[in-house]
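What follows is a short report on a single structure.
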C-alpha cells in the first residue's frame, strides 16, 4: 500500500521529529470554494496550523499519488485545475489507476490520514443523511464509523437532515462531543434544538476522552463539534429559507449524487449575497485553530 502514498518534505520531517500533524481535506480547495478564494483559504489554514506549532498535512491525490501534505506548487495546481476530480473512498483506486488528480472528501481524507498515522483532522462540516431520502447517506458517516481519528467540525452541514444524522451517529457508535456547546452546531449556525450527548469546555477534557477511546480499542472516529463564532453565524431562518429554495431548484434540475452538496452551498451563497461563503471560510479557520491546539496537546502528553 505504501507505493500509493507520497509524503511532503515538511510532513516527513515532522514524522521523523515526532512533531504533531493535522490532517486537512482538499475538496474545500477543489470543489468547495471559488477561485481565488479557495487557494487563499488553503494557504491561510495551513498558516494557522503552523502558528500553533503543528504541521499541516493537506491530503489530495496528485497524478495518481496520494499526497500527505502538499507543496505550495501542488496547492496552486489543484486550486486552479478545473479537471480535478472529487474523490470519496470508493473512487481512490480508479483515480490512482488512471494517474488522475482529485480533491479528497472527508471520507477519503479520513481513510488516507488513518494510513499515515495522523490522529487529528480538521474540516468544515461533515456530510450526513440527506433531506427527503433516508438512503442518501454520506460516505463520511460510514468512514467515521470505522476510522479512529478525532475530527473537528462545525457540526453537520445545514443542508442535511440533522436529527437523522444524529441518529446514524448513535446507531453506529460514533461519539460526538460538543466543544463549549450543548447542541449540535449546523455549520452556519452555532446552535440548534438538537441536544448532544456530551459537552466539554477545555482541550484537556477532549484529550482525556480521546485517550480513553483509543485505549479501549474503539474503532470509530470521535467528532468534536465546534460551533461557528457568534460574530460569524447566520440566522437559522435565513439559512433555512435559502436551503429550501436550493433543494427545490436541485430537484427541478435533477441534480444529485456528488454534485448536490456543492450546488446547494453555491445556491445558499447566492441567496445570502456571499455571507454564507465568508461564514464557511471563518468556521474552517476556527476548526483548524482548535484542531491544531488539540494535536499539539496530544503530542505533549
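A few remarks follow.
- Protection-proxy order for peptides 87-94, 70-77, 218-225, 289-296, each taking the mean of Cβ atoms within 10 Å per residue, highest first: 289-296, 218-225, 87-94, 70-77
- Note on the chain: GNM, Cα springs under 10 Å; of 216, 28, 230, the largest mean-square fluctuation is that of 216.
- The chain, relative contact order [Cα under 8 Å, separation at least 6], %: 19
- Taking 164, 251, 12 as the candidate residues, the one with maximal mean-square fluctuation in a Gaussian network model of the chain, Cα springs under 10 Å, is 251.
- Cα-only Debye scattering, the chain: base-10 log of I(q)/I(0) at q = 0.13, 0.14 Å⁻¹: -0.86, -1.02
- Neighbour counts of C-beta atoms inside 10 Å place 149, 209 in the sequence 209, 149, starting with the fewest.
- Label-to-label distance, nm, for residues given as residue 241 and residue 80 (7 Å Cα→Cβ offset): 4.0
- Counting every other Cβ atom within 10 Å of each residue's Cβ, 261, 171 order from fewest to most as 171, 261.
- Taking 145, 276 and counting other C-beta atoms within 10 Å, the order from fewest to most: 145, 276
- DSSP bridge orientation in region 1-94 - percent antiparallel, rounded to nearest 5: 35
- Part-to-part distance (alpha-carbon centres) for region 34-92 and region 242-276, which is given in Å: 24
- The GNM of the chain, with springs linking C-alpha atoms under 10 angstrom apart, assigns the highest mean-square fluctuation among 80, 226, 280 to 80.
Bear in mind these aren't lab numbers, they're just calculated from the coordinates by the rules spelled out. No experiment lies behind these values; they were computed from the predicted model shown. Using ideal geometry, Cβ is built from the backbone for each residue, glycine included, and neighbour counts are taken over all protein chains shown.
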